[in-house]
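Structure record follows, encoded as structure tokens.
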């Protein structure tokens, strides 16, 4: 883990909501925040600016929703595009993180804590972002957001 990265924000990209979590590299832990509204994957940039100003992250981590077999999904391309827009807008280093099953794991944690299956009322997006960020803290590989997905993920898995 680079010592220059102290505070990070992570995003669980979605077309109507984007999950957010904040965390510190020193502890390797993260906490969920309220999701950001989105319209067809385009975030509420004012909400995002407020988060960036409040948390002052020096890294942004965007979950890449690969297919279960590791191939690249359409949503993975959209999430990478979101990551690059964040980088262009805020000039903060952005990284990609494989997020397969983070939402499913977030739902399991939510149910175990007594949550309902009404995810519009009880969003698990922030919890998914927390899991993405904690995984990133524990991962040695850093994939910058401008990296082509095809250069990182194997499309020829059988």
| remark: Taking segment 63-76 and keeping only residues that are part of a helix (DSSP H, G or I) and in contact with a strand residue (DSSP E or B) (Cβ under 9 Å, 6 or more places away or on another chain), one is left with 75, 76
| Which is in a strand (DSSP E or B) and either modelled with pLDDT of 95 or more or over 12 Å from the mean Cα position of the chain (by Cα) (or both), of 2, 31? | 31
| Restricting attention to segment 68-95, and to residues there that are touching a helix residue (DSSP H, G or I) at 6+ places or on another chain (Cβ under 8 Å) and within 17 Å of residue 55 (Cβ to Cβ), which single residue is surrounded by the fewest Cβ atoms within 10 Å (Cβ to Cβ)? | 89
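Looking at 12, 40, 69, can you tell me which residue is within 16 Å of the chain's Cα centre (by Cα) and either in contact (Cβ under 8 Å) with a residue 12 or more places away in the chain or at positive phi (or both)?
12
The values are calculated or read from the model by the stated rules, or taken from the named source; none is laboratory data. Note that the structure is a prediction, hence the values are computed from the model and not measured. Virtual Cβ from ideal backbone geometry, glycine too; neighbours counted across all protein chains shown.
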